[in-house]
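What follows is a set of notes on a single structure, which appears directly below.
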Amino acid sequence: ARARRRVLLPTPRALSTTTTTTVAVPAPLSAAELEALLRRDHYSASTRRFHSLRPLRSHPSLPLSDQPPPLPTTTTATAAAPPSPSFHLRLILPSRLKGRPLPLPSLPLRLAMLSAASALDAVFAPRAATFAYRARHAAIRYLRSIANATWFFRVAIPRQPFAPRHVRRLLDAISGKVDDPGFMDYLRELFLSDAVAFELGGSELCRGLPQESELTSTLLNIFFDPVDREVMAIREEVHKKNPRVKDDSVRHTPVRVYAVRYLDETMVVTSGSKMLTLEVRDRILSVLERGLEVKVDRFGSSVHSAVSEKMEFLGMEFQAVPPSVLHPPMSEKAKRARKMYLKRKAAEAQELKNARETRRKKLGLKILNHLFKKVRRGHEFEFAFRIEDEVRQEFKGWAEETVVEYFKSQEHRRHWHRLFTSGDFLSLNRVRDQLPTALVDSYDHLQETLDKFLMPRRGHDITEDEEMLAEEEDERQYEKRIVEDLTELKMRVNAPIELVRKAVKLAGFTNSMGRPRPIKLLICLDDADIIKWYAGVGRRWLDFFCCCRNFKMIKIVVSYHLRFSCFLTLAEKHECTKRQAISHYTKDLKVTNENGVPEVYFPTEKEIKMMGDKNLSDPKPVDGALTMILVRLAVDDTSLPCLAHFCAGTDTALYRIRLLQNRLNVDPLNEKKWVQGLSAIHESLNKKCLPLCSIHASDLLLGKITLRGMRSSFMTVLIGRCY
């Protein structure tokens with residue numbers, strides 16, 4: 001019982017009136033202890049940092065609503081049984097009778113689960129496979145770097161709950177490295193109380209939704225570790241059988257197996273034959289079905305050609321294409337435009353240089369005129385320093401620039417060459433024989449120098465040489481491009497533009513014709529809140545798809561459909577035309593704050609145009625912001641505190657959550673009526689009210705925070721007040 005109580009959080013002494021025995025809190029692990037800990041086979045002390053969270057329960061910064069009740073009256077600490085994790089859950093009832101309630105953990109339970117995740121990461125993260133990524137964009141960049149892909153497949157796992165058989169195998173894997181019965185009991189009770197509950201094969205994992213748990217990603221990485229080990233063994237076998245040829249004169253493409261896993265999604269790419277890919281797939285599916293008891297869709301896990309077919313993975317589309325598709329050559333029109341651009345830039349630079357020379361001449365004439373007048377009047381000049389060297393250096397630089405510019409002209413060079421070479425009598429043989437040899441050699445050297453630097457070449461000869469060099473360079477580039485297209489393949493990453501357009505239409509940004517339309521549910525919000533909601537959706541889309549090849553299509557969706565839908569919503573609110581709304585808010589959707597200072601929340605057209613790959617690790621998907629609208633209620637009651645954690649603000653406003661699936665009466669699991677891969681917030685939060693201060697309301701609308709950062713204790717209290 002004592003080992004079990006070590007894992008669960010004890011009752012804070014600040015709220016208890018009983019006398020309890022003081023329990024010593026273990027000190028945090030040092031760097032040397034952590035290094036020794038990671039080298040052990042079994043980790044009986046791996047949860048020491050988890051147990052060190054015990055005093056957080058009585059921290060004065062925690063709100064009273066999140067504090068657990070005191071333990072029963074006892075005389076010793078060992079006589080009281082700690083409360084289970086279900087005691088720290090708040091059930092949010094759905095608005096319809098057939099709906100399922102949503103259990104939300106309190107802040108102490110969330111901190112306990114975060115501490116448990118940290119303890120597990122300290123044990124299992126150093127041994128994780130290199131292709132088991134914890135960030136979407138990191139996995140996408142690795143796939144984008146794969147060369148010469150020929151076949152690929154995705155492990156298709158149908159939607160299924162993480163059942164007790166999966167929990168049993170997960171806990172067995174953890175107990176093999178962690179020797180702590182109390183910690184194992186705590187994890188088991190988390191699953192029994194539904195504090196940690198998720199589905200395999202779904203689309204709700206790590207998307208910032210309130211039904212997610214802090215332990216999900218860590219537990220999934222531990223659960224799928226046998227699959228990672230099998231893939232590592234396959235890769236090692238293939239690499240041994242197909243070594244890389246070290247001869248640089250031979251173009252050799254070795255057979256390789258590449259894999260990427262993000263949570264429960266796995267994609268395998270090979271550069272070998274289809275039979276090899278089928279063998280790899282069968283071995284991986286065998287581990288999932290027999291070793292982990294996970295149902296697998298074998299038809300969805302079919303092997304596809306990487307060249308002729310597309311593969312959807314992590315919300316992106318992947319396909320192997322020749323390098324010329326990713327980096328196409330410049331067309332003739334683009335080449336002419338570039339020449340005109342360079343010519344215009346050279347003319348502008350010459351104009352600036354001429355203007356600078358003109359200013360120098362005018363300034364010099366003014367100085368000489370002033371000095372001449374002073375001298376005529378009999379004034380003497382005394383300087384504290386000598387300026388002869390500075391003036392000499394300046395005039396020397398000007399003279400060198402003038403000479404260089406002068407001799408760039410063909411006419412000037414022809415003129416001086418004619419002056420130096422005309423009328424020379426030393427070129428006559430009868431005269432050269434009578435002169436000393438040193439003089440004749442010096443004269444010949446002078447003629448060679450004149451011909452080298454001053455003899456002008458004909459204009460058509462220069463043009464022919466330049467054209468010949470340009471043609472040779474084009475031929476070399478063409479040959480190189482043809483060889484690369486025949487011997488290399490690069491992975492192209494595209495955004496599923498059809499799914500994005502379907503999501504835009506489903507959310508109400510566009511009508512059936514694909515044109516922007518207003519969202520009337522947002523009319524009750526302030527102008528700034530309307531713009532912030534559109535900005536949150538747009539920025540999340542831009543951040544998530546910034547690494548795609550067709551990122552320009554996403555820019556058009558945000559810059560046109562979302563921007564003009566926002567204009568139409570503002571025009572509908574103020575009963576004016578779209579042109580008047582654009583004239584008032586400008587195309588950048590500027591809105592003034594309380595101090596009268598204009599602010600811009602929606603990305604401007606110039607900002608969107610300059611956007612590219614931001615090298616983000618794991619940007620938040622658009623699901624939570626797109627499927628939720630906050631409607632402000634006309635309530636003057638400001639006594640409720642802000643629902644955000646560690647916020648003591650009381651100047652709040654009530655917002656009601658309106659979910660997209662409830663407004664449309666659509667089941668998110670129905671892919672025909674819903675968007676494939678688009679997750680949804682749990683239906684029990686529909687029409688629930690949130691008291692938020694102005695700062696956290698703005699952050700929630702802009703997508704900087706999610707509903708996971710809200711306290712669950714007030715949600716159940718506010719249900720009766722909102723109806």
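A short reminder: the numbers here are calculations on the coordinates, not readings from a lab. What you are looking at is a predicted structure, and each value in this text was computed from that prediction instead of being measured. Backbone-built Cβ (ideal geometry, glycine too); neighbour counts: all protein chains shown.
Key figures
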read-out: Mean Cα-pair separation over length for the stretch 235-358, i.e. relative contact order, pairs under 8 Å, 6 or more apart, %; value: 11
read-out: Selection from L342, G315, M267, by position along the positive dipole direction of the stretch 228-360 (Cβ); value: L342
read-out: FRET E, pair T130, K480, Förster distance 41 Å, beta-carbon r, rounded to 0.05; value: 0.80
read-out: GluC sites (Glu not before Pro) restricted to DSSP loop in the stretch 586-630 with at most 13 other C-beta within 10 Å; value: E594
read-out: Net length gained if the chain between K361 and E448 were fully extended (0.36 nm per residue, minus Cα distance); value: 27.6 nm
read-out: Inter-probe distance in nm under a simple model that places probes 7 Å from Cα toward Cβ, at T253 and S95; value: 5.5
read-out: Distant alpha-carbon pairs in the stretch 493-709 (separation over 28 angstrom), percent; value: 28
read-out: Karplus 3J(HN,Hα) series, Hz, for the stretch 236-250 with 6.51 cos²θ - 1.76 cosθ + 1.60 (x for Gly, Pro); value: 5, 5, 5, 5, 5, 6, 10, x, 7, 6, 8, 6, 6, 6, 10
read-out: The stretch 567-644-the stretch 177-241 distance, computed between alpha-carbon centres (Å); value: 37
read-out: Long-range amide H partners of R492 with built H, under 5 Å; value: Q319, A320, V321
read-out: Sequence-separation-based contact order of the stretch 493-709, relative, with Cα cut under 8 Å and 6+ spacing, percent; value: 22
read-out: Listed pairs K555/K704; K343/K614; K177/K620; K345/K606; K505/K578; K502/K606 exceeding 24 Å between Cα atoms; value: K343/K614; K177/K620; K502/K606
